[in-house]
1. Return the only residue of ILE50, ILE18, ILE55 being of a type outside the set (Ser, Thr, Tyr), modelled with pLDDT of 95 or more and more than 15 Å from GLN96 (Cα to Cα).
2. Taking the criterion of being closer than 14 Å to PRO22 by Cα and surrounded by 21 or more Cβ atoms within 10 Å (Cβ to Cβ), would at least one residue in the stretch 73-90 satisfy it?
3. Out of all the residues in the stretch 13-34, which are exposed (fewer than 13 other Cβ atoms within 10 Å of the Cβ) and either among the charged types (D, E, K, R) or over 12 Å from the mean Cα position of the chain (by Cα) (or both)?
4. Quick one: is GLY91 on the phi < 0 side of the Ramachandran plot and not in a helix (DSSP H, G or I)?
5. Looking at the stretch 34-55, which of its residues are more than 23 Å from SER104 (Cβ to Cβ) and among the aliphatic types (A, V, I, L, M)?
6. When the stretch 16-55 is examined, which residues are found to be assigned to a loop (DSSP other than H, G, I, E, B), closer than 30 Å to ASN5 by Cβ and among the polar types (S, T, N, Q)?
7. Among the residues of the stretch 1-15, count how many are part of a loop (DSSP other than H, G, I, E, B) and either closer than 26 Å to GLN110 by Cβ or hydrophobic (A, V, I, L, M, F, W, C) (or both).
Amino acid sequence: MQLFNSYDLAGLDMPNRIVMAPMTRSRAANGVADVLTERYYSQRASAGLIITEGIAVSQQGTGYLFTPGLYTDDQGQAWRRVTEAVHAAGGRIFAQLWHVGRHSHVSLQQAGAAPVAPCARRADLCLGGARRARPCRHQRTARARYRGSGGDRR
């Protein structure tokens, strides 16, 4: 069966074709991957490739309680330990980096600020059966200013 045959993924030698899909675990109590995170991923190192749960790239990009980030030194060191544990067990691991944009919630933002997004449109979410829209704020970047000037219209 080919599922258990090795595979070359653009130079990454995988012992099999099994890829562990990402799952939001919500177990990082303070936003930092911990010993349980190391154990969880290293126990699954026999998969050809592990793709981590979503890892927030900034505090503003956090979308759920208890999800790990990768924007402070402590978080970087924690993910280094996770990666080393997976590698020690013979595994391969990719980080799924994310920023949830306007789908975040004011309760997850510093001082209750509105979430940042590429545009100031509200996210329409279904909460408890009722559709509610949350406000967000536009994060202006050099690329956004360029696009807004009529340059790149992709």
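The values are calculated or read from the model by the stated rules, or taken from the named source; none is laboratory data. From a predicted model like this one, the values you see are computed outputs, not experimental measurements. Because the Cβ atoms are built from the backbone with ideal geometry, glycine has one as well, and the counts that use them run over all protein chains shown.
1. Just one listed residue meets the conditions, ILE18.
2. no
3. ASP13, ALA21, ALA29, ASN30 - these are the residues of the stretch 13-34 that are exposed (fewer than 13 other Cβ atoms within 10 Å of the Cβ) and either among the charged types (D, E, K, R) or over 12 Å from the mean Cα position of the chain (by Cα) (or both).
4. In short, yes.
5. Going residue by residue through the stretch 34-55, those that are more than 23 Å from SER104 (Cβ to Cβ) are 35-36, 38-50.
Passing the criteria: VAL35, LEU36, ALA45, ALA47, LEU49, ILE50.
6. Result: ASN16, GLN43, SER46.
7. Taking the stretch 1-15 as the starting set, the residues that turn out to be part of a loop (DSSP other than H, G, I, E, B) are 1, 5-6, 10-11, 15.
This time we only want the ones that are either closer than 26 Å to GLN110 by Cβ or hydrophobic (A, V, I, L, M, F, W, C) (or both), so: 1, 10.
Here the count works out to 2.
Listed here are the residues, each with its yes/no results for (1) out of contact with any strand residue (DSSP E or B) (no Cβ under 6 Å at 6 or more places or on another chain); (2) in contact (Cβ under 8 Å) with a residue 12 or more places away in the chain.
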residue: ALA29; (1), (2): yes, yes
residue: VAL35; (1), (2): yes, no
residue: ALA47; (1), (2): no, yes
residue: GLN75; (1), (2): no, yes
residue: GLN96; (1), (2): no, yes
